[in-house]
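Q: This is the structure I want to talk about, given as structure tokens.
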Amino acid sequence: QVQLVESGGGLVQPGGSLRLSCAASGFTFSSYYMAWFRQAPGKEREFVAHISWNGGRTYYADSLKGRFVISRDNVKNTVYLQMNSLRPEDTAVYSCAAIRVPMTNPKSINTWGQGTKVTVSS
């Protein structure tokens, strides 16, 4: 079965950086786009970024202003999210997902990992 295990979250000060990882198994990793979503306290889950099969194309939510970088390693079956210049509003549970086509709607996804919590606070 499909398994997605996120890690790398934690407490970080504003302006700091953090790299999240999502280890995938149970499917042909290289045949899927991979995406990151997040859900902040009191808010709906929202799209963060996605990356194509071989990592050649990436797409980000406009609100991130280029602070985040998504990447993938098809040998390790892992997708990463490098988060820079973190702000308190980035505080959220970050989850990854495998998607068949480029999309940004979290309601179209039915398989999630437990996510990893990122808290940005001084």
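The values are calculated or read from the model by the stated rules, or taken from the named source; none is laboratory data. Since the model is a prediction, treat every value here as computed from it, not as a measurement. As a convention, Cβ positions derive from the backbone with ideal geometry for all residues, glycine included, and neighbour counts pool all protein chains shown. The accessibility values were calculated without ligands, DNA or RNA, using every heavy atom of the protein model including side chains. Shrake-Rupley method; radii C 1.70, N 1.55, O 1.52, S 1.80 Å.
Q: Any residue at all in the range 74-83 that is modelled with pLDDT under 95 and either aliphatic (A, V, I, L, M) or open to solvent by less than 70 Å² (accessible area, probe 1.4 Å) (or both)?
A: No, the conditions are met nowhere in the range 74-83.
Q: Which residues, counting only those in the range 1-17, are open to solvent by 30 Å² or more (accessible area, probe 1.4 Å), aliphatic (A, V, I, L, M) and over 12 Å from the mean Cα position of the chain (by Cα)?
A: Taking the range 1-17 as the starting set, the residues that turn out to be open to solvent by 30 Å² or more (accessible area, probe 1.4 Å) are 1-3, 5, 7-9, 11, 13-15, 17.
Narrowing further to those that are aliphatic (A, V, I, L, M): 2, 5, 11.
Hits for the range 1-17 are V2, L11.
Q: In the range 99-122, which residue that is of a type outside the set (A, V, I, L, M) and not in a loop (DSSP other than H, G, I, E, B) is surrounded by the most Cβ atoms within 10 Å (Cβ to Cβ)? Please lay out each step first, then the result.
A: Just the residues of the range 99-122 that are of a type outside the set (A, V, I, L, M), to begin with: 100, 102, 104-108, 110-117, 119, 121-122.
After this cut, where a residue has to be not in a loop (DSSP other than H, G, I, E, B) as well, the list is 106-108, 116-117, 119.
On the way: P106: 18, K107: 7, S108: 11, T116: 22, K117: 13, T119: 15.
Applying the filter and picking the extreme gives T116.
Q: Take the range 35-57 and flag every residue that is of a type outside the set (D, E, K, R), closer than 19 Å to I109 by Cα and open to solvent by 30 Å² or more (accessible area, probe 1.4 Å). Full working, then the answer.
A: Here is the first cut: in the range 35-57, the ones of a type outside the set (D, E, K, R) are 35-37, 39-42, 47-56.
Filter once more, so that each one left must be closer than 19 Å to I109 by Cα: 35-37, 39-40, 47-53.
Passing the criteria: Q39, W53.
Q: Residues in the range 84-98 that are farther than 12 Å from Q39 by Cα and either open to solvent by 30 Å² or more (accessible area, probe 1.4 Å) or among the small types (G, A, S) (or both): how many?
A: Restricting attention to the range 84-98, the residues satisfying the condition of being farther than 12 Å from Q39 by Cα are 84-88, 97-98.
Within this subset, residues satisfying the condition of being either open to solvent by 30 Å² or more (accessible area, probe 1.4 Å) or among the small types (G, A, S) (or both) are 84-85, 87-88, 97-98.
Qualifying residue count, the range 84-98: 6.
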